[in-house]
Amino acid sequence: MSVYDRDNIFAKILRGEVPSHKVHEDEHTLAFLDIMPRTLGHTLVIPKAPARNLLDAPPDALSRTILAVQRIAKAAKIAFAADGITLSQFSEQAGGQVVFHLHFHILPRYDGVPLLPAHTNVESNETLAPKAAKLRAAIADLGT
Ligand code: 5GP
């Protein structure tokens, strides 16, 4: 079984070594906008505990992460006026995984609009920042 690489890009984001547009943080999870969005508001949710992917995630970290996913998905649907949400998670290279720290993709969807291919464009800080602010506000509006 492959081991967890402590120098993957999301571990660096967790340690604050690489910047990100955070939309949610608690003791166990972090969520931030994807830098190469496949749709408006494409958001990644990760556990703080080291886990390579779904296959080695500690059950407690996994359950806390999926609860955060649900909350952020609800807020993203409102914030970005989406018709629905696609949730995706890739495990190992053959499964489509590129970054080896467990993450869930929250993808706001619009009727009849396909997702962009992965890794199409790196979005600028200037355009990501207001989207992150909008999603943070929608999460706050959900209450506790
Ligand atoms: P996966 O591993 O599930 O295939 O996808 C990794 C995701 O991480 C991709 O959607 C990619 O755009 C995103 N990503 C890669 N590097 C960075 C980064 O430095 N910052 C952020 N916010 N997202 C990243």
Collect the residues in the range 50-93 that are of a type outside the set (A, V, I, L, M) and touching a His at 6+ places or on another chain (Cβ under 9 Å), keeping them in residue-number order.
-> PRO50, ARG52, ASN53, ASP60, ARG64, THR65, ARG71, THR86, SER88, GLN89, PHE90
Which residues, taken from the range 94-104, are within 9 Å of the ligand (Cβ to nearest atom) and more than 12 Å from THR43 (Cα to Cα)?
-> GLY95, GLY96, GLN97, VAL98, VAL99, PHE100, HIS101
List pairs: first in the range 87-111 and more than 24 Å from PRO59 (Cβ to Cβ) and of a type in the set (Lys, Arg), second loosely packed, with under 14 Cβ neighbours inside 10 Å and at pLDDT 95 or above, Cβ under 8 Å, 6+ apart or cross-chain?
-> ARG109/ASP83; ARG109/GLY84
Taking the range 51-84, which residues are out of contact with any strand residue (DSSP E or B) (no Cβ under 6 Å at 6 or more places or on another chain) and β-branched (Val, Ile, Thr)?
-> ILE66, ILE78
Can you name every residue in the range 7-33 that is of a type outside the set (A, V, I, L, M) and touching a helix residue (DSSP H, G or I) at 6+ places or on another chain (Cβ under 9 Å)?
-> GLU17, PRO19, SER20, HIS21, LYS22, HIS24, ASP26, GLU27, HIS28, THR29, PHE32
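The values are calculated or read from the model by the stated rules, or taken from the named source; none is laboratory data. These numbers were taken from a predicted model, which means no experiment stands behind them. Please note: Cβ atoms are built from the backbone with ideal geometry, for glycine as well, and neighbour counts cover all protein chains shown.
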